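Only one structure is covered here, and it is reproduced in the block below.
The values are calculated or read from the model by the stated rules, or taken from the named source; none is laboratory data. Note that the coordinates shown come from a computational prediction; the quantities given were computed from them, not determined experimentally. Ideal geometry is used to build each Cβ from the backbone, glycine not excepted, and the neighbour counts take in all protein chains shown.
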Amino acid sequence: MFSGEKELPLITVMVPVYNGEKYLERCIDSIQNQSYEKIEIILIDDGSTDKSGSICDKYADGDWRIKVIHQNNIGLASTRNRALEEATGEYLMFVDADDFIHPNMVEILYKDILNNNAQMAIGSYIEGSGEEFPEIAEDVKVSVLTDSEKFKGLFGDQKLQFIVSWGRLYSRALFEDIKYPDGRIHEDEYLAHYLLYRAEKITVNDSKLYYYYKEDGGNESITQSGFSLKRLDCINALEDRLSFFKDYGDAELIALMYDDFLKRFQYYYYGVHYQFPDEADLARNLFDEYKNVYEEGKTMLSAGKRLRYSLFIILPTLNYYLKMIMNSKSIKT
């Protein structure tokens, strides 16, 4: 598999599990059957009330590479931190319990790191409700990103795969002295820019290696789905990212961040406004905060974007219908 290599590094694949019995076996099978065999598999049962815990134990009984941890429910962010504490591999990978991975995913991403002296390797993904991966092309493109180019994926068509924890292979050193924020959702948003910053080189492989399973297709709007106030956690993460880029000092990235923040801020405002009519004060506070961010960053935006974001301030209801915010994948997080 790796000719000339004396000893391959151990790679830890971590799976946070909470009430995932419906898809968990498929997930674990896909990890067990990796072409790269020197792996450690950590399954953390975060207080599941279904059969997930017993499924984990069954797999551990049949595979010495699997370690199972049962704990009281503490949430995804804290569970990811626990997994990082337990991991012993030189490289790390997260897989969500309802997703599954290509049989060559670990091998392909490790080769990308090895061949390019990189510290993070990102693969592409499929989002859907199927069961199969497409054939991997022979001439697949692998990009190598450094410096400010590493961050631009946070704002483009590849946005999701640059933000989420899954779908990539990390050098263990990237997580030294940092952790996911306990008790928060959108935990990926808090760490994404720091992990990208710490990686001197990042590879991006166009191969579809990760299956992001969405049973319902994931197309519901705010007004159709159960928007939670916990989703406002993302605003804190975006505020931190804006501050980070200001310190980083790249004008293009700061402008991209203002654009992204304002676009997504509208989504959260509408979520509160339409789903929680009793939270009128919260909606007003969000509206005022949006105006402050707009005033602060408008000089860095194009004329067209200034018009778009000022329309929200002047006529928020009209803006909602004209821009179809709730169906805009670019801000649906």
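Of note:
- Looking only at residues in segment 132-143 that are closer than 14 Å to Tyr211 by Cβ and either in contact (Cβ under 8 Å) with a residue 60 or more places away in the chain or not assigned by TED's automatic domain parsing to the domain that holds Asn104 (or both), the one that is nearest to the chain's Cα centre (by Cα) is Phe133.
Let's see how each residue does on (1) in contact with a Phe, Trp or Tyr (Cβ under 7 Å, 6 or more places away or on another chain); (2) within 26 Å of Leu195 (Cα to Cα):
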residue	(1), (2)
Lys230	no, yes
Asn236	no, yes
Phe244	no, yes
Tyr258	no, yes
Phe265	yes, yes
Gly271	yes, no
Phe276	no, no
Asp281	no, no
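- Long-range neighbours under 6 Å by Cβ, at least six apart or interchain, first residue within 17 Å of Asn116 (Cα to Cα) within segment 185-201, second of a type in the set (D, E, K, R) and not in a loop (DSSP other than H, G, I, E, B): Leu196/Lys150
- Taken together, Ala121, Ala97 contain a single residue that is touching a Cys at 6+ places or on another chain (Cβ under 6 Å) and at pLDDT 95 or above, which is Ala97.
- Inclusion of Asp188 among residues that are part of a loop (DSSP other than H, G, I, E, B) and within 20 Å of Leu92 (Cα to Cα) is not warranted.
- Candidates are the residues of segment 147-191 that are on the phi > 0 side of the Ramachandran plot and crowded, with 16+ Cβ neighbours inside 10 Å; the one that is modelled with the highest pLDDT is Gly167.
- Selection within segment 120-149 - touching a Leu at 6+ places or on another chain (Cβ under 9 Å) and more than 30 Å from Glu25 (Cα to Cα): Leu145, Ser148
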